[in-house]
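*Asks:* Sharing a structure here in structure tokens format.
The values are calculated or read from the model by the stated rules, or taken from the named source; none is laboratory data. Predicted, not measured: the structure shown is a model, and the values here were computed from it. Reconstructed Cβ throughout: ideal geometry from the backbone, glycine too, with neighbour counts over all protein chains shown.
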Amino acid sequence: MSTDSPLSCTLDAIDAANRKDPSVEVVDGQSLPREYAYSLHMTRWLLALETAPSERMQIACRAQHIERWTRPRADYPEGRKGYYQWRQDCGRFHGERAAQLMGECGYPQEECGRVATILTKRELRNDPDTQLLEDVACMVFLERYFADFYQDKADYDKEKWLRIVRRTWGKMSPRGHEAALQFAGSMPHHLQALLQEALSESSG
């Protein structure tokens, strides 16, 4: 295994795994493996929200979607129940893979298990690390994927979109809300209007 620090070793191992994603995302004109690109977005927003993130958070954010293409949504039943089953299975898988790579890079078992727990998001709201991970993931969604998701799901009615926005907002902390509001001005106008309506109704 690498002679680098455990952190560098783990991040490099996660990157190597995610570079095997057969799907592609274009970032600044460059085609990157999709989940590798996603991991870089996660790291960038982590550093935007937390100036000196812990090693465990750097790893958890980088591994948020590690090898997710090996767990396709299509393998699970349609509908909300199937969706949540898929999400839960993905969280467990990502946690196990991150813990495995951390162990191979020299982290103690306790720290490996801690990152695995963060990635399952079982302690959202109760654990600051898990909440930070969720804030980062929500910001990545809003910045990179919300517009395409909106376009792909043109059959959704307005009420469903309002529910989606409110659910996303409800998972975020005040720090995440502040970052989202600062970013909102750069979103397409129709998404700005949707966000404004969702938040005005939820606070009314």
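*Asks:* With closer than 23 Å to Leu49 by Cα, among the acidic types (Asp, Glu), touching a Ser or Thr at 6+ places or on another chain (Cβ under 9 Å) and part of a helix (DSSP H, G or I) as the only criterion, which of Glu134, Glu123 stands out? Even if it seems obvious, please write down each step before you answer.
*Replies:* Values: Glu123 fails: part of a helix (DSSP H, G or I).
Exactly one residue qualifies, and that residue is Glu134.
*Asks:* Quick check, is Thr168 crowded, with 17+ Cβ neighbours inside 10 Å and free of Cβ contacts under 8 Å to residues at least 24 places away in the same chain?
*Replies:* Working: crowded, with 17+ Cβ neighbours inside 10 Å: yes; free of Cβ contacts under 8 Å to residues at least 24 places away in the same chain: no.
No.
*Asks:* Okay, moving on. From (1) in contact (Cβ under 8 Å) with a residue 12 or more places away in the chain; (2) out of contact with any Cys (no Cβ under 6 Å at 6 or more places or on another chain), pick out the condition that doesn't hold for Ala99.
*Replies:* Exception for Ala99: condition (2).
*Asks:* Mind checking whether some residue in the range 88-106 is more than 28 Å from Val24 (Cβ to Cβ) and among the basic types (Lys, Arg)?
*Replies:* Within the range 88-106 (the criterion being more than 28 Å from Val24 (Cβ to Cβ) and among the basic types (Lys, Arg)), the answer is no, since none of the residues qualifies.
*Asks:* Scan the range 131-150 and give yes if some residue there is over 18 Å from Arg62 (Cα atoms) and without any contact (Cβ under 8 Å) to a residue 12 or more places away in the chain, otherwise no.
*Replies:* Kept after step one, since they are over 18 Å from Arg62 (Cα atoms), are these residues of the range 131-150: 146-150.
This time we only want the ones that are without any contact (Cβ under 8 Å) to a residue 12 or more places away in the chain, so: 148-149.
Checked the range 131-150: at least one residue is over 18 Å from Arg62 (Cα atoms) and without any contact (Cβ under 8 Å) to a residue 12 or more places away in the chain.
*Asks:* Just to verify a result, which residue in the range 1-52, among those that are closer than 24 Å to Gln100 by Cα, at pLDDT below 95 and hydroxyl-bearing (Ser, Thr, Tyr), is farthest from the chain's Cα centre (by Cα)?
*Replies:* Taking the candidates together, the pick is Thr3.
*Asks:* Could you tell me which residue of the range 10-46 is nearest to Pro108 (Cα to Cα), considering only residues that are touching a residue at least 12 places away in the same chain (Cβ under 8 Å) and of a type in the set (D, E, K, R)?
*Replies:* Asp15
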